[in-house]
Amino acid sequence: MLSIAAIAKNPVGIALVAALALAGCANKQVPNNAADIGLGGAGGPPGSQQEFTVSVGDRIFFDLDSSVIRADAQQVLTRQAQWLNKYTSYSITVEGHADERGTREYNLALGARRAASARDFLVARGVAANRIRTISYGKERPVATCDDISCWSQNRRAVTVLNGGSS
Amino acid sequence: MIMRATFLIATLVAGLGVAVLPARAVVEIDINKGVVEPLPIAITEFISADGKGAEIASVVEADLRRSGLFAPIEKGAFIEKISNPDAAPRFQDWTVINAQALVTGKVSETPDGRLRAEFRLWDTYAGQQLIGEQFFTSKDKWRRVAHIIADAIYQRLTGETGYFDTRIVYVDESGPRNNRVKRLAIMDQDGANQRFLTDGRAIVLTPRFSPTRQEITYMSYEGGQPQVYLLQLETGQRELVGNFPGMTFAPRFSPNGQQIVMSLLRDDGNSNIFAMDLRSRNTTRLTTSNAIDTSPSYSPDGSQIVFTSDRGGRAQIYVMSASGGDPKRISFGDGTYSTPVWSPRGDLIAFTKQTRGEFQIGVMRTDGSGERILSSGFLQEGPTWAPNGRVVMFFRQPAGSAGPQLYSIDLTGRNEQKIPTANYGSDPAWSPLLE
């Protein structure tokens, strides 16, 4: 049996929220942030969270109702794999997301399929499977909230979130 | 063990000194006609020392009006003032204002401090009483008494079971669209008595009522991995359903309340349907396709399951035996279909259809024939049935709006009603009639 109090103390949940907030912030205002906090360049020092998010690219996008890794996404994931193979202290969570143009339960499944596609690509590029966790947020965590294709295409994504390691 | 005693209301069919005639009503509504002319009905304020009688009568009136089948008459038009609800009314005073049915009642306090409510339904043209009943309950249950009275009137005049003494569990949504707080919430079917069941720290989705107990199943991210839980409504106790390695989602109870059917994510990213027996905790795998199989819903006799699958390329609706086996595709229209829900009457399946950039709520027969669209719009999904199978509730988010809201619509496609909620709302699930 669980209680609300017990859930509030769940460290996994809190850590995840913090990671999400950081990734979201970095994605939008990276150049300013990196300069503000005096990091080496826009991409941050080698091996840093900033470098991964900015220079490597932490997310890939999908076509409508598809979990196929597009050519542009293959480039991003290849860079991610190279980086992760260099900085092996990180484990990662691959979050799968869907746009709002599908029903809730189907989109949970679709987000999971996208996360699995991205994970499988990384594993095929040499990232150890036991470093990778996947989670689907379906359409529950959009980053762009307008009601047209310009937003939906940004929300159909898989985001690689770094967990722990030396950042 | 669920204690239902606190929700029970004693019901007595009362003589009350008035002849209860087993007469055939002149007044009745044929609910199966395409277009139903609402029945003019006069609902008088129930006699009471405080204002409780008027409050109960107004809840009865609101229920009947919202059903679309009744047209309550303005009280200003009433000629006779009811002072003794135990005496027969002057029927001609009511027929002259075209009230085909009349409701009178009385509310008082028992010596031990409980609420006593009685009401009568009269056929004004036949000049006879159709129903006379009284109820005893604790005072805080007065709205339930009103809903039970409205159900009795609905049933007597339409021949169909009512749906007013029911509740809705749904997902309360607040905050900006890119950082939504989602909480489970429960309320009466008319939007009254809203309360929250979770605190909003974790995303919660897709609550569904047990058909037999004060219990819901839903999906939550509280454990890090999104999984299916059970929640006992009276104790607040929560419990993880099963011990699965990956995400579990899209739960729904079997009609006997003993199984939960749901989707389980496979390691390869596909999802299959499993059933779990809540007593033995044994799980049975029902589908094996390399596809997304989700949104399972049992037929009311428990023999079949309807679900969504993209095994044919795009999401469509399939029916299979409740023990698994070869599914049969039943949706063939232009577009994709998802969220099938079997009607409690067994005759129809409600669904969400996406076609030409729109989302539609529709129904089809269980073999896929007779598809009818009840409502179309920019974004709407997730139908749930009223327990009498006459009304469907769903959620809708118009383009440019900040969040979704709950709506109900008759099976005829008419009488759309917005359901009031404290914040934005999604994923409504209609309870069975309360006991």
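The values are calculated or read from the model by the stated rules, or taken from the named source; none is laboratory data. What you are looking at is a predicted structure, and each value in this text was computed from that prediction instead of being measured. All Cβ positions, glycine included, derive from the backbone under ideal geometry; neighbour counts span all protein chains shown. Surface accessibility is based on the protein's heavy atoms, side chains included, excluding ligands, DNA and RNA. Shrake-Rupley method; radii C 1.70, N 1.55, O 1.52, S 1.80 Å.
Rounded to the nearest 500 deg cm²/dmol, what is the calculated helix-only ellipticity per residue at 222 nm for chain B, with -39500 (n - 2.57) per DSSP H run of length n ≥ 4?
Numbers: 3 runs with 37 residues, N = 435.
My calculation for chain B gives -2500 deg cm²/dmol from helical runs alone.
Positive contributions from Lys and Arg (+1) and negative ones from Asp and Glu (-1), summed over other residues with Cβ under 10 Å from the Cβ of residue B:202, come out at +1.
If you run the Gaussian network model on chain B, springs between alpha carbon atoms under 10 Å, then out of B:380, B:237, B:405 the most flexible one is B:237. Please give me the summed charge of the neighbours of residue B:104: other residues whose Cβ is under 14 Å from its Cβ, Lys and Arg +1, Asp and Glu -1. Charge balance near residue B:104 sits at -3. Could you tell me how many degrees, from 0 to 90 and to the nearest 10, lie between the Cα long axis of helix B:142-158 and the main elongation axis, the longest principal axis, of the Cα atoms of chain B? In chain B, helix B:142-158 runs at an angle near 90 degrees to the longest axis. Most simply put, the range B:39-158 has about 70% antiparallel DSSP beta bridges, counting only bridges with both residues inside it.
According to the calculation over all Cα-Cα pairs in the range A:47-161, the P(r) per 10 Å bin from zero is 16, 48, 29, 7 %.
Backbone amide hydrogens, once placed in the peptide plane, bring residue B:39 within less than 5 Å of B:70, B:71, excluding anything fewer than 5 places away on its chain. Mind checking the angle between helix B:52-66 and chain B's longest principal axis? C-alpha axes, 0 to 90 degrees, to the nearest 10. For B:52-66 against chain B, the angle is about 50 degrees.
Taking the charge dipole of the range A:47-161 about its Cα centre, with +1 at Lys and Arg Cβ atoms and -1 at Asp and Glu Cβ atoms, the residue from A:60, A:74, A:97 reaching farthest to the positive side is A:74.
Please report the net charge: other residues with Cβ closer than 9 Å to the Cβ of residue B:85, K and R +1, D and E -1. Provide the component values of the computation, followed by the final result.
On the way: positive: B:106, B:120; negative: B:86, B:118.
Local net charge: 0.
For the protein assembly as shown, the per residue solvent-accessible surface stands at 40 Å², with DNA, RNA and ligands left out and a 1.4 Å probe. What does the C-alpha gyration tensor say about the overall shape of the range B:167-431? Classify as rounded when a/c is under 1.5, otherwise prolate if a/b is larger than b/c, or oblate. Note, shape of the range B:167-431 comes out rounded. DSSP bridge analysis restricted to the range A:34-167 gives an antiparallel fraction near 60%, rounded to the nearest 5. Which residue fluctuates most in the GNM of chain B (Cα springs below 10 Å): B:234, B:371, B:55? In the Gaussian network model the winner is B:234. Classify the protein assembly as shown as rounded, prolate or oblate, taking a ≥ b ≥ c as the square roots of the eigenvalues of its Cα gyration tensor: rounded when a/c is under 1.5, otherwise prolate if a/b is larger than b/c and oblate if not. Prolate, since a/c reaches 1.5 and a/b exceeds b/c.
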